[in-house]
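The values are calculated or read from the model by the stated rules, or taken from the named source; none is laboratory data. This one's a predicted model, so the numbers in the text were calculated from it and none came from an experiment. Neighbour counts run over all protein chains shown; Cβ positions are idealised from the backbone, glycine included.
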Amino acid sequence: MSLISQEAHAYSERDLSNFIKNRELPRHRWLEFKEGFSAELVQVAISEAKCKRPRILDPFSGSGTTVVEAARLGSKATAIEVNPFLYDITSAKCHPWMEDTSKLSIWRDRFLKGACIEERSPLEGQSTFTEDAGVDKWIFNTSVLRGYTALSTAVEGIDASWNTAMKVASLSALMD
């Protein structure tokens with residue numbers, strides 16, 4: 001067996017290429033991302049980099065595994081994501097939590113009020129976000145997308161530092 005195939009075999013047995021190991025990890029477990037990979041994969045890549053603290057660019061950040069782990073390990077990272085839902089997830093995971101929770105009850109009350117309605121989303125019919133004529137697969141069913149839009153509208157203006165994280169929490173609840 002060649003050196004390259006031995007290394008590939010060693011990595012494949014560690015189950016680094018899927019999200020399963022992240023289900024129990026802080027921040028990563030907020031929303032399961034089936035297309036995601038393990039935080040350990042990022043840890044291994046950074047530890048094997050030629051420089052001590054590499055600068056990382058993740059042009060398809062998905063749920064933010066790379067930038068969260070890079071920050072945790074002391075590396076600087078830049079994430080780019082075109083999907084607004086995944087962008088929100090990554091932003092929420094990377095945002096430092098505020099100690100001031102005084103507005104949490106206001107957010108909860110608006111959230112619960114918004115949970116009873118659906119609001120048409122501007123993303124309906126765009127790309128593969130929702131069901132549309134001629135589209136065989138989509139990311140969110142119409143009800144989930146409309147529920148997310150209603151909840152996002154309900155919590156606007158409460159406290160910008162909490163909004164993204166709370167939107168992610170609501171999306172996670174809607175997906176379940």
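A compact table of results
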| quantity | calculated |
| --- | --- |
| Residue 146 surrounded by 17 or more Cβ atoms within 10 Å (Cβ to Cβ) and at pLDDT 80 or above | yes |
| Single condition residue 130 does not satisfy, out of (1) hydroxyl-bearing (Ser, Thr, Tyr); (2) surrounded by fewer than 16 Cβ atoms within 10 Å (Cβ to Cβ); (3) more than 25 Å from residue 71 (Cβ to Cβ); (4) modelled with pLDDT under 80 | (2) |
| Candidates 88, 58 - the one that is at pLDDT 90 or above and not aromatic (Phe, Trp, Tyr) | 58 |
| Residue match in segment 133-143 (condition: of a type in the set (Lys, Arg), over 15 Å from the mean Cα position of the chain (by Cα) and surrounded by 14 or more Cβ atoms within 10 Å (Cβ to Cβ)) | no |
| Extreme residue, farthest from residue 76 (Cα to Cα), among residues of segment 15-46 that are among the charged types (D, E, K, R) and buried (at least 16 other Cβ atoms within 10 Å of the Cβ) | 21 |
